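The values are calculated or read from the model by the stated rules, or taken from the named source; none is laboratory data. This one's a predicted model, so the numbers in the text were calculated from it and none came from an experiment. For neighbour counting, all protein chains shown are included, and Cβ atoms are generated from backbone atoms with ideal geometry for every residue, glycine included.
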Amino acid sequence: MSVLVYVEHAEGKFRKSAFEVVSYAKAIADQLSTGLTAVVIGNGDKAELEKLGTYGASTVLFTGNTQLSSFVNQAYASLLAEAAAKADAAIVVMTNSFSGKGLAPRLAARLGAGLVAGAVALPETGDRKFTVKRSAFSGKAFSFVTLLSDKKVITLNPNAYPATENAVTPAIEEFSPAVKESDLGTLVKEIIRASGKVSLPEAELVVSAGRGLKGPENWGMIEDLANALGAATACSKPVSDAGWRPHEEHVGQTGIAVSPNLYIAIGISGAIQHLAGVSSSKTIVVINKDPEAPFFKVADYGIVGDAFEIVPKLTEAIKAY
Ligand code: FAD
C-alpha cells in the first residue's frame, strides 16, 4: 500500500501548489511508513520531473501522450485509476484546483474510495481513524471528516500546507496506458491569465480593490502598490462586472478563491460573497474610509481613511524600505 500524488503543471512547469501537494502527500506517506509515487500527465521534461524528488517523491510516473496535453476529466481519471493500481495506492492526493475539483470525485467513484475535498491539514491517523480537517462553507468554517473506506482520495487547498524539502533521487518512469476514445469526449480548458506579473490563484501577496476606487482610471495606484510588493492584483465582483478590471481578477464566492499570506483590500466593503473567496488569507489588511465597513471585522490590520491619500503613501514607504 502506498500513497499516490497527482501533480499538475502549467505548460510543463510546476507551480508552488505542485510542490505543496507533493510535500503533503510525502508527510502522509511518512505517517503510514510507506512510499510516495507522483503522477504527471502531459509533461516528459526530465529536469522538471526530477524537482518532485526534492519534495519526497521516490517514483515519478509520467505520460507524454499528446492527446492528454489538455485536461480531459474522464481520460485523466482512467489514467490515475491505472496509476493507483500500478502503485498499489491506498491514498491518492491532488490539489483542490479547477481540475482537481472535477477529477477527485470521478476518481473516488472509480476506486470505490472515500473523498475529502479541500483539506487544510494532515490527517490524524491511528485506531483505524483517518480524520481530515477541511475548509467548509466557502472558507467560513472547518469540518473534520473521518474516512473509514480502505481507499481514500484527498484534495489539498493551495497555500494550506508548506512546500517542504525532503530530497530523494526519484526513479522516473514513462507510464502511458492506452486511452479509450470514449474517455476523450469532453475537453474542459482552464485559462488563467496572469493578473499583473503574478498568477492570482497562486499569489502569496494580493492587492485587491473595489468600487471605492470610483473608476478604472484610478487603478494605476493599485498596480504601483502591487508592483512595489511583487503582488498580484484582484478586485471585487462589481468592478469586473463594470469592465473596470478583467474577470480573471474577480475574487469571491463566484470568482477565484485565494489564500495568500497577505491580502490588502482597498475600497471594498467586505460583503459576505467577497469574504468567501479571501477568508483563508493569512493576514488581511483593510483600507476603507467607512469605519463601519464589514471588512474591518475580519481584518488583522485596518486603516480608516481615503484610499487616494493612503495608497500612494504606502507605496512610497514600501519602495523606500
Ligand atoms: P461597495 O459595496 O460599493 O463598497 C465600496 C467600499 O469602498 C465601501 O465600503 C466604501 O466605504 C469604500 N470606499 C469608497 N470610497 C473610498 C475611498 N476613497 N477610500 C477608501 N474606501 C472607500 N462580490 C464579490 O466581490 N465577489 C463575489 O464573488 C461575489 N459574488 C456574489 C454572488 C451573489 C449571488 C451576489 C448576490 C453577490 C455577489 N457579490 C460578490 C457582490 C457582493 O454582494 C457585493 O455587492 C460586492 O462585493 C461589493 O463590492 P465592493 O465592496 O467593491 O463595492
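Suppose we keep only residues that are without any contact (Cβ under 8 Å) to a residue 60 or more places away in the chain and in a loop (DSSP other than H, G, I, E, B) within the range 242-257. Which one would you say is nearest to the ligand (Cβ to nearest atom)?
GLY252
From the set of residues in the range 182-225 that are of a type in the set (A, V, I, L, M), over 17 Å from VAL258 (Cβ atoms) and modelled with pLDDT under 85, which is surrounded by the most Cβ atoms within 10 Å (Cβ to Cβ)?
Here the residue is LEU184.
Go through the range 273-321 residue by residue and tally those that are within 8 Å of the ligand (Cβ to nearest atom) and either polar (S, T, N, Q) or in contact with a Phe, Trp or Tyr (Cβ under 6 Å, 6 or more places away or on another chain) (or both).
Selection size over the range 273-321: 2.
Okay, residues lined up against (1) within 9 Å of the ligand (Cβ to nearest atom); (2) over 30 Å from GLY118 (Cβ atoms); (3) without any contact (Cβ under 8 Å) to a residue 60 or more places away in the chain:
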{"position": "ALA228", "(1), (2), (3)": "no, yes, no"}
{"position": "SER240", "(1), (2), (3)": "yes, no, yes"}
{"position": "SER259", "(1), (2), (3)": "no, no, no"}
{"position": "TYR263", "(1), (2), (3)": "no, no, yes"}
{"position": "ALA271", "(1), (2), (3)": "yes, no, yes"}
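Tally up the residues in the range 210-239 that are assigned to a loop (DSSP other than H, G, I, E, B) and within 20 Å of the chain's Cα centre (by Cα), please.
3
What about SER269, is it at pLDDT 95 or above, touching a strand residue (DSSP E or B) at 6+ places or on another chain (Cβ under 8 Å), assigned to a loop (DSSP other than H, G, I, E, B) and of a type in the set (Gly, Ala, Ser)?
So SER269 fits the description; yes.
Can you pull out the residues in the range 1-58 that are assigned to a helix (DSSP H, G or I), of a type in the set (Phe, Trp, Tyr) and closer than 22 Å to ALA113 by Cα?
TYR24
Identify, by number, the condition in (1) touching a residue at least 24 places away in the same chain (Cβ under 8 Å); (2) more than 16 Å from the chain's Cα centre (by Cα) that THR131 doesn't meet.
(1)
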